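Nothing in this text is a laboratory measurement; each read-out follows from the coordinates by a stated rule. From a predicted model like this one, the values you see are computed outputs, not experimental measurements. Methodologically, a virtual Cβ is constructed for each residue, glycine included, from the backbone with ideal geometry; neighbour enumeration extends over all protein chains shown.
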Amino acid sequence: MKTTAWQEYERGVDYKARIGLYNTVDINERFYAGDQWAGIPHEGLPTPVVNFIRYASAWKIAAVTDRRLKMSFFAEGTDADGETAVYARQISAYCDMLWERLKMDYLTKEGLKQAAVTGDYIQYFYWDPAIRTGQALTGDINTCLIDNVNYYPGNPNSPDVQSQPYIIIAFREFVSLVRDEAKKNGCENWEEITADGGNEYASGDRGKIELGGAEKCNVLLRMSKKNGRVFWEKSVKNAVVQPEKDSGLKRYPVALMNWETRKNCCHGTAEVTGLIPNQVFINKILALAQLSQIQAGFPKVLYDRTRIREWTNRAAGAIPVNGDISGAAQYLSLPASSYDAWKGFETTLETTMKMMGANEVTLGNIANPDNTSAFIAARDAAMVPLKAQQERFYSFVEDVGLIWLDFIKNFYGKGRMMPVTHAGERIYVPVPAEALDRLTMNLKIEVGPSSMWSEAQVMQTLDRLLKDGFISFRQYLQRMPEGQIPLKEELLRETEKRPEGGADHA
């Protein structure tokens, strides 16, 4: 008999199949990876690939994450000053460290790549009891990315994660591990858990290929809310592996971002989807151009079969001819390639990149980047098409911060110390669990300057201040961005021995 979660999962599979999500994800992933001739007739044609999809998508992903972000928590209400403000600063500092420990800079870029390819960036957070904290207590927050084909909300017409009646996350697991967990949790029919071939809904072509002899099955993690708290259970098709239990959280530990939103749908539209027709056109034009060059460089031979019985291309090979040799054979002359074909190639590629905001300035294809202000203005104008993605990404990071706060409130209990960085040193402070329960904490995402051109702008400003004598050479070095001058600290120590001067260039 099928479990309730499995029946809900099958309804979710039907919905995704009807909107074409599985097929779209597979095709997009294939094109992004460079396998762009699969399923396209090309007998006798070369199969070149000019993979501008990956190039342009990588630029957009980097542009979305270009700004430096910081989580700043604050408490609201009459009890929001004094000691509570200290708590808020401590949590903000801890989230900075948590961001580094979870490698969120890397994961956000990988997640945005998934969004550009599949339409959605989905990240799941969970409590990992095996993480060592350097204290007597173990366990901490962990995370992983979820493919959108494995995300099954109870209301797929709504992109709002927290309003879902339930959320199912599907994944593949070894049968032996699932059986052991089910037996440990008192499942009576744990022996009925067997391997299945249900990986046809995995993301991408490679996800449908598993190790030979691997005994795996589909496992469903189902989360739902009851009385304001999140409960979860784990099951397979015909058995409950982990009975429903209270997670201790108030928010679903899932954050979702659409690359481009679709009205009344939890899934977004991928960047790659709209680029595929142009990519196919460019590849075909280049394939036909290469074929033309091959045929022109190595033309076919026409010969008179009544005088030449057989043609040979063997070097220095003699060809016998009966009678006069004039007109016995000739090379086939092919027409020259049309200029319009190359013009269509260049125009399509240039227009596509321009529509995506990838101009010469934003891609860094500039010979003399001296006028930084002009370049920043041109770059900001090209970034207009990405404003919506940036705003959705900032909202996504805010959802992540609220999930972390939920974990801190409910899992960081008495006896646990929270590491924070103060004055450049790591210190441990007690977690004010009871105080946090009384407070209404909010989160603001502070968006810093762009990292793409900020260093160049700083260097240009510092150079002008030094040249005009408004700062000394030591002040110039102290404010210089890291990595611009090797052995910067040694040079600073040497300048300390010199008298202070407004224009000390020595």
Quick check for me: using +1 on Lys/Arg Cβ and -1 on Asp/Glu Cβ, what's the dipole size of the chain about its Cα centre, in debye to the nearest 20?
500 debye
Could you tell me whether the range 167-226 comes out rounded, prolate or oblate from its Cα gyration tensor? Rule is a ≥ b ≥ c as square roots of the eigenvalues, rounded for a/c under 1.5, then prolate if a/b exceeds b/c, otherwise oblate.
oblate
Footprinting exposure proxy for Phe174, Phe345, Phe393 (fewest neighbouring C-beta atoms within 10 Å first):
Phe174, Phe345, Phe393
Listing Val447, Val149 by rising number of other beta-carbon atoms within 10 angstrom, fewest first, gives Val447, Val149
Could you name the lysines in cross-link range of Lys16, using Cα to Cα under 22 Å and dropping any fewer than eight places away on the same chain?
Lys2, Lys113, Lys208, Lys234, Lys237, Lys263
Overall form of the range 454-495 per C-alpha gyration tensor (a/c, 1.5; a/b vs b/c)
oblate
Under 17 Å Cα to Cα from Lys488, which lysines show up? Leave out anything in the same chain fewer than 8 places away.
Lys497
Report the calculated FRET efficiency for Lys183 and Asp14 (r = Cβ-Cβ distance, R0 = 25 Å), to the nearest 0.05.
0.20
Excluding residues fewer than 8 positions from Lys409 in its own chain, the aspartates and glutamates with Cα under 13 Å of it are Asp140, Glu434, Asp437
Which of the DSSP-defined H helices in the chain satisfy a minimum axial length of 30 Å, computed from C-alpha atoms, and a minimum mean Kyte-Doolittle hydropathy of -1.0?
271-297, 387-411
Evaluate E = 1/(1 + (r/R0)^6) for Gln460 and Lys387, where r is the Cβ-Cβ distance and R0 equals 22 Å; express this FRET efficiency to the nearest 0.05.
0.25
Within the chain, which is the longest segment that contains none of the GluC sites (Glu not before Pro) sitting in a DSSP loop with at most 10 other Cβ atoms within 10 Å?
311-481
Thr269's amide H: which non-local residues (gap 5+, or another chain) put their own amide H closer than 5 Å, with H modeled 1.01 Å from N in plane and none for Pro or chain starts?
Trp259, Glu260, Thr261, Arg262
What nm distance separates the two modelled labels at Asp437 and Arg172, each placed 7 Å from Cα along Cα→Cβ?
4.4 nm
Gyration tensor verdict on the range 133-244 (Cα atoms; rounded if a/c is under 1.5, prolate if a/b is larger than b/c, oblate otherwise)
rounded
Please report, to one decimal in angstroms, the Kirkwood hydrodynamic radius of the chain built from all distinct Cα-Cα pairs.
28.2 Å
Fewest to most Cβ atoms within 10 Å: Lys234, Lys263 sort as Lys263, Lys234
Only helical DSSP H runs with n ≥ 4 go in: add -39500 (n - 2.57) per run for the chain, normalise by residue count and round the 222 nm mean residue ellipticity to 500 deg cm²/dmol.
-12500 deg cm²/dmol
